[in-house]
1. In segment 73-92, what residues are of a type outside the set (A, V, I, L, M) and surrounded by 14 or more Cβ atoms within 10 Å (Cβ to Cβ)?
2. With the condition kept exactly as written, say whether any residue in segment 167-174 is modelled with pLDDT under 90 and aliphatic (A, V, I, L, M).
3. Name the helices (runs of 4 or more DSSP H) wholly within segment 1-86 that hold at least 2 residues that are in contact with a Cys (Cβ under 6 Å, 6 or more places away or on another chain)?
4. Which residue is modelled with the lowest pLDDT, if the candidates are limited to segment 114-130 and must be farther than 17 Å from HIS21 by Cβ and over 15 Å from the mean Cα position of the chain (by Cα)?
5. Within segment 52-71, track down each residue that is at pLDDT 95 or above and either more than 16 Å from the chain's Cα centre (by Cα) or closer than 20 Å to ALA19 by Cα (or both).
6. On the basis of being of a type outside the set (Phe, Trp, Tyr) and at pLDDT 95 or above, does ARG106 make the cut?
Amino acid sequence: MQDETEYPGVKDIERLVIAAHYCTHPERNSCMIQMCFLHGFRINEITALTLQDIDLPGKRIYIRRARQGVSCYHYLQPKEIISLQRWLLARKSYPVRNDFLFISSRGNKITRQRFYQIIRECCELAKFKQYIHPRMLRHACGYELDKKGIDNDSIQDHLGYRNLKSIPRYHNYVEE
């Protein structure tokens, strides 16, 4: 990531995921970062995921979109399944008090503030010049889909937007 306007790319996300392995709770942190990028989660969406939203045998996840977005199922990617399995195994050692997928060391739902702290810590460990915040992971997902040549309707569906007018931000041109 060179300048302030750039969003993280795939290699940057990989660096963040690797950096998460050097934090406390590496399985949880790396899984959260990876999933935020792959599915374009908003912070409220990732912290609201429950165990019932994950269908490992079916290799899919149900995403309840916030802000009147369109909720849907996404398929899980192979690396993501491994990451989820590692987290679910580690999660068993936590004092579980709820059905949220991502929980704190005390067994409570992970907070927005804690997720910001996790990403900040991973950015420092990865030696990024620029701090990445959770929203940037969502936009990085949209940019990556556009780079791959995915059509606007599919990007809209993937990110859960109701209005196609939200999609042009992910193209390399600037509207005037």
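1. Taking segment 73-92 as the starting set, the residues that turn out to be of a type outside the set (A, V, I, L, M) are 73-75, 77-80, 83, 85-87, 91-92.
Passing the criteria: HIS74, GLN77, GLU80, SER83, ARG86, TRP87, ARG91.
2. The initial filter retains those residues of segment 167-174 that are modelled with pLDDT under 90, namely 167-174.
Now drop any that are not aliphatic (A, V, I, L, M), which leaves 167, 174.
Yes: segment 167-174 contains one or more residues that are modelled with pLDDT under 90 and aliphatic (A, V, I, L, M).
3. Qualifying helices (runs of 4 or more DSSP H): 10-20, 26-39.
4. Selected residue: GLN130.
5. Matches in segment 52-71: GLN52, ASP55, LEU56, PRO57, GLY58, LYS59.
6. Numbers: of a type outside the set (Phe, Trp, Tyr): yes; at pLDDT 95 or above: no.
In short, no.
The values are calculated or read from the model by the stated rules, or taken from the named source; none is laboratory data. From a predicted model like this one, the values you see are computed outputs, not experimental measurements. Quick reminder, even Gly has a Cβ in these numbers, built from the backbone with ideal geometry, and neighbours come from all protein chains shown.
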